[in-house]
Amino acid sequence: MISQNEFRQHFPHTEKRVYFNHAAVSPLSNPVLEGISKYLSWRNTADPMMWTNTVEILENLRANYAKLVGSSSKRIALAGNTATGINYLASGLDWKPGDRVLLNDLEFPANVVPYMELKKKGVHIDWVKSVDGQVRISDINASLTTKTRVVAISSVQYSTGFLADLEEIVTIAHANRSLVVVDAIQSIGVIPIDVEKLGVDFLAAGGHKWQMSPLGTGFFYLTEALQNRLNPDFLNYLGKEVPSDYANYTQKFSDDARKFEIGVFNGIGLVGAKVATDLLIEAGVENIYKHVLRLQKYLLDGLPDLPFHAVHQFEDANKSGIFMFSHDDTSRNESIQAKLNDDGFIMSYRGGALRFAPHYYNSIEEVDRLIGALRQY
Ligand SMILES: Cc1ncc(COP(=O)(O)O)c(C=O)c1O
């Protein structure tokens, strides 16, 4: 167990700037840098153990991802980003002309483009219209058809912060014999999830945001039943039962999700991801979620004294690590965000508003300083 204060000590940038932009790209901690540097020195000195050590680290990383989603390592495939996972799913299902995918108008393109490409197989997309930044269960329910094979949704919407009610979505989708596929990059590492308990069929998440990992890292989860149905075009030797049995071209593929890992990995990134996810697990994702909600509430409570307001009003159950706020004159948001960045308060401008996305190491005192900085507008 690591306290919030100990966690903060790992992030030297906190002495220079206030970083609230973890929904974009997170900073890397000192332990991550040290882990990567150790790995590079094995390679640099041709350490005889460098390959064995790396394989062991990747095994441990799979176990970490499994912990973060509530599953076992067998159900986790390492992947370089969210999009790779979504592509495996979208390209690997046995689509029939007339099949349908249910999306919504808030999704990030990584969770849309692969389904649009299915048009050539005769697959049609239905779009749920969001209301006030939310994708409502009643609208999902009303949009399901007998041909809906997949309900694809982000656990957290990147431009509004809306946290989906996956339990409800799985219940109605499964009752309709539709799969539930989740783009979880905006929640893994900051919001707890238990995919097995929920019954989610597939989930993909890149590592460079809330997981505080290097770019080009991440994973996907899928159920064993779905793995048996998927038939993607991309498979290769590393996914075979015994990858080191090189001459045995005809051997079976692994029964584990490892089947979808096609060739050697971005070692630098994944070694960093292992250390980064160790830290998150030590801190406890429950604690991280509570902490960011506390920071969010502190900012929200400070807004009435300022010419700023919350963009959306979500129920507690739909609050995530992302909080969107706006100047009362919305046309000023973009320039305010640029000026705040210049002044050392780093946030993104998304959907016409300011995106506040703190992590576990951020403090109330930093939010206070942001509130102080907002007074000048
Ligand atoms: C909801 C969502 N999905 C996916 C991505 C990125 O996808 P990938 O990891 O494939 O680059 C982002 C942000 O960049 C995002 O906000």
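Here are the numbers:
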| item | result |
| --- | --- |
| Value of relative contact order over the stretch 39-281, rounded to a whole percent, pairs C-alpha under 8 Å and six or more apart | 25 percent |
| Most fluctuating residue given options Ala204, Ala24, Ala79, as computed from a GNM of the chain linking Cα atoms under 10 Å | Ala24 |
| Residue with peak Gaussian network fluctuation, the chain [Cα springs, cutoff 10 Å], from Ala46, Ala77, Ala152 | Ala46 |
| Sorted by Cβ neighbour density within 10 Å, fewest at the top, the residues Glu261, Glu167 | Glu167, Glu261 |
| The stretch 40-66 versus the stretch 82-97: alpha-carbon centroid distance in Å | 30 Å |
| Listed residue pairs exceeding 29 Å between alpha carbons, taken from Lys74/Lys120; Lys96/Lys319; Lys209/Lys297; Lys197/Lys274; Lys319/Lys339; Lys67/Lys339 | Lys74/Lys120; Lys96/Lys319; Lys67/Lys339 |
| With 5 Å bins from 0: P(r) over the stretch 39-281, alpha-carbon pairs, percent | 1, 6, 14, 18, 19, 16, 11, 7, 4, 2, 1, 0, 0 |
| Mean Kyte hydropathy of -1.0 or more with a Cα span along the axis of at least 27 Å, helices from DSSP in the chain | 50-69 |
| The stretch 264-298 versus the stretch 319-334: alpha-carbon centroid distance in Å | 25 Å |
| Taking N as its residue count, the alpha carbon Rg of the stretch 1-98 over 2.2 N^0.38 Å | 1.46 |
| His124 long-range amide H proximity, modeled H, under 5 Å | Gly98, Asp99, Arg100, Val101 |
| Per-peptide average of other Cβ atoms within 10 Å, ordering 68-76, 336-344 highest first | 68-76, 336-344 |
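Every number in this text was worked out from the coordinates using simple rules, so none of it is lab data. Note that the coordinates shown come from a computational prediction; the quantities given were computed from them, not determined experimentally. In this analysis, Cβ positions are derived from the backbone assuming ideal geometry, glycine residues included, and neighbour counts consider all displayed protein chains.
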